[in-house]
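Right, one structure below, let's go through it.
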Amino acid sequence: MNAYRVLIADDHHMARLAIRSLLEQDPSFDVIGEATNGEEAYQMCGALQPDLVLMDINMPRWTGLEATREVKKAYPHIKVVILSISDDVGDLITAIQFGAQGYLLKNLEPDDWITYLHALLGEDSELSREMAARLFTRFRQEESMNEPVPDVLTPREREIVMYVGAGKTNREISDALIIAENTVKNHIKNILEKLQLVNRVQLAAYAVRHHLMLRQSDER
C-alpha cells in the first residue's frame, strides 16, 4: 500500500519538526509539505492534494478551524485532523461542524498519535473514547430539532449508533454483535445516509444528542 501523504500545518517551527520526526518513524506516512498559517495550508492542499492535513488550531492569517472549513469545502476528500493543546469541547464541536475528521491533543503519547491516525485513515474509528465522553458532556442536555429522529433507524442500526457514540471501532462492534466487520461498515454507511450525516464523528455527536448511549451492561 502507498504511504499516506501528509501536510503539516503549524506556525511553530519546532512543532512542525516534532510532528515530522514522529511521522517519519512510520513508513505508512509521507510528509509532503509544511504550512505556517491557515491560508497557506489551504493553498498547499490545492497544489499537493494530501491524504491528510494535521492542522494546528491556532495559526495566523486563517485559524486552523477557518482553514479546515475552506479545505473541506474545496477538497472534501482530504481528511483533516485538528491539533490542539486544549481539550475544550467547544473547539471539538466547531471542528466537527467545519468538517474535520478528527481532533488530536498535542500532549498525547506518540504511540497514541500513530494508533489514532491509522484508525482514522483506515476508516475504523474517527473518535477517541475520551472525546466521545466529552461530546456526551456537552450534548446530553441538548436536543436537535432539525435532523431525522432515531425512529428512522432499525433496532440493529440504533444498536450500532450506540457503539459508535461510545467510541468503539468497527472491529470492536463486530466482535460485540457477532457480525462481520464489513457488515458493520455497510450498516454505518446506510445509517449516515438515513441521518443525512457526513462522517463517523458527526454520527457520534448525533448519538449523544439523541441519548443513544451505550450502557455499561450493554458491553459484551
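Filtered by the rule that a residue be in contact (Cβ under 8 Å) with a residue 24 or more places away in the chain, closer than 22 Å to Leu121 by Cα and open to solvent by 10 Å² or more (accessible area, probe 1.4 Å), the range 36-51 gives Tyr42, Met44, Gly46, Leu48, Gln49, Asp51. Within the range 140-198, the set of residues being open to solvent by less than 30 Å² (accessible area, probe 1.4 Å), modelled with pLDDT of 90 or more and of a type in the set (Val, Ile, Thr) comprises Ile160, Val161, Ile173, Val184, Ile188, Ile191. The residue that is farthest from Gly33 (Cα to Cα), among those in the range 52-102 that are in a loop (DSSP other than H, G, I, E, B) and open to solvent by 60 Å² or more (accessible area, probe 1.4 Å), is Asp88. Within the range 1-55, the only residue that satisfies the criterion of being within 24 Å of Asp91 (Cα to Cα), hydroxyl-bearing (Ser, Thr, Tyr) and within 21 Å of the chain's Cα centre (by Cα) is Tyr42.
The values are calculated or read from the model by the stated rules, or taken from the named source; none is laboratory data. Just so you know, these numbers come straight off a predicted model, no measurement behind them. Quick reminder, even Gly has a Cβ in these numbers, built from the backbone with ideal geometry, and neighbours come from all protein chains shown. When the accessible area is computed, the model is the full protein with side chains, heavy atoms only, and any ligands, DNA or RNA have been set aside. Shrake-Rupley method; radii C 1.70, N 1.55, O 1.52, S 1.80 Å.
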